[in-house]
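See below for the structure under consideration.
The values are calculated or read from the model by the stated rules, or taken from the named source; none is laboratory data. These figures come from a predicted structure and were not determined experimentally. Neighbour counts are summed over all protein chains in view; Cβ atoms, including those assigned to glycine, are modelled from backbone coordinates with ideal geometry. The accessibility values were calculated without ligands, DNA or RNA, using every heavy atom of the protein model including side chains. Shrake-Rupley method; radii C 1.70, N 1.55, O 1.52, S 1.80 Å.
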Amino acid sequence: MLLELPVPVLDQMIHDEELLSAGLEKALSTLQNSTEKCARDKVFCLTSSLFKTVEDDTDSDSTDSLGDQLYDLVDSHRTGHSEQITGMLLELGSNEVKKLVSDPQLLEQKIHIAREALEQALPPKTCVSDLDCDDVKERLGEKIFEQVEKIDPKNCACITGMLLELDPSAIQKLLTDSLALKGAVERAQAALPQAAAQRSSDSDLNNEDVSDLDSETENLGEELYSYINSTKYSLHSSKLTGMLLEMPHSSLVELLKSQKQLDEKIQLAAAALTDS
């Protein structure tokens with residue numbers, strides 16, 4: 001620091017001890033102040049960094065909690081795309097998401113818009129095989145039965161069967177649109193007498209084939225029972241066989257050709273049996 005002074009001043013300080021001492025004290029004081037300032041700056045930077053970390057963690061926790069709340073609300077609408085729609089809505093930002101969580105009508109509008117955009121972007125679902133279609137309709141049937149039962153408890157089974165004749169995509173839409181479901185149920189209620197008469201007529205026409213069907217059912221039942229009895233579900237062989245025999249005969253024939261698919265069906269039936 002002293003070497004930065006002009007040469008004449010340095011020369012004078014060399015020959016004047018008092019002037020040199022004063023210069024040294026001033027230089028030391030300046031150096032001490034500079035060191036303290038650097039230390040304060042380091043403390044400030046470290047403190048700011050710590051507070052920023054805590055703030056970021058708090059924001060992260062808040063966002064996760066908000067996302068969980070939003071997912072639960074979206075999932076209650078049974079769109080079949082809860083995770084995707086939640087992700088789309090979270091892109092709106094935390095302030096907008098807070099509004100959605102506190103305003104059911106606004107949330108329903110946004111879900112409807114997101115679902116339409118998502119369904120347009122996704123390729124239509126198709127069944128790879130008859131077994132896949134049966135699985136899809138079985139799951140949809142359970143969901144739609146719960147809704148139809150609330151509207152018409154007396155005829156819910158028949159109406160559900162009629163609605164399951166629709167395409168899976170149409171059934172999925174009924175599950176997400178209460179007005180559309182109500183309209184479909186009313187149309188089914190109006191068609192119930194005609195459906196009952198048709199079933200009676202079909203029953204008369206099929207009496208001649210009953211013996212053949214019974215024989216085929218018996219053969220399939222024996223084969224299913226024998227296989228199930230050799231698995232870990234042997235204690236429930238009779239009940240599981242009865243449940244599987246409710247499937248169309250053509251599907252059962254294909255099922256018996258694939259041990260893997262048969263095992264999966266048996267496992268699903270056993271789970272349903274345990275739940276009941």
| remark: If we keep only residues of segment 74-103 that are free of Cβ contacts under 8 Å to residues at least 12 places away in the same chain and part of a helix (DSSP H, G or I), then the residue nearest to the chain's Cα centre (by Cα) is 82
| query | Got a number for residues in segment 140-189 being over 23 Å from residue 111 (Cα atoms) and among the small types (Gly, Ala, Ser)? | reply | 4
| query | In segment 227-257, which residues are of a type in the set (Ser, Thr, Tyr), in a helix (DSSP H, G or I) and either open to solvent by 80 Å² or more (accessible area, probe 1.4 Å) or touching a residue at least 24 places away in the same chain (Cβ under 8 Å) (or both)? | reply | 227, 238, 250, 251
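Yes or no, residue by residue, for (1) at negative phi; (2) surrounded by fewer than 14 Cβ atoms within 10 Å (Cβ to Cβ); (3) in contact with a Gly (Cβ under 7 Å, 6 or more places away or on another chain); (4) at pLDDT 80 or above:
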{"residue": "74", "(1), (2), (3), (4)": "yes, no, no, yes"}
{"residue": "84", "(1), (2), (3), (4)": "yes, no, no, yes"}
{"residue": "90", "(1), (2), (3), (4)": "yes, no, yes, yes"}
{"residue": "100", "(1), (2), (3), (4)": "yes, no, no, yes"}
{"residue": "103", "(1), (2), (3), (4)": "yes, yes, no, yes"}
{"residue": "113", "(1), (2), (3), (4)": "yes, yes, no, yes"}
{"residue": "135", "(1), (2), (3), (4)": "yes, no, no, no"}
{"residue": "141", "(1), (2), (3), (4)": "yes, no, no, yes"}
| request: Looking for whichever is open to solvent by 50 Å² or more (accessible area, probe 1.4 Å), among the aliphatic types (A, V, I, L, M), within 26 Å of residue 141 (Cβ to Cβ) and modelled with pLDDT under 75 here; the options are 213, 268, 205. Which one fits? | output: 213
| So which residues in segment 56-70 are over 17 Å from residue 106 (Cβ atoms), open to solvent by 70 Å² or more (accessible area, probe 1.4 Å) and modelled with pLDDT of 70 or more? | 64, 68
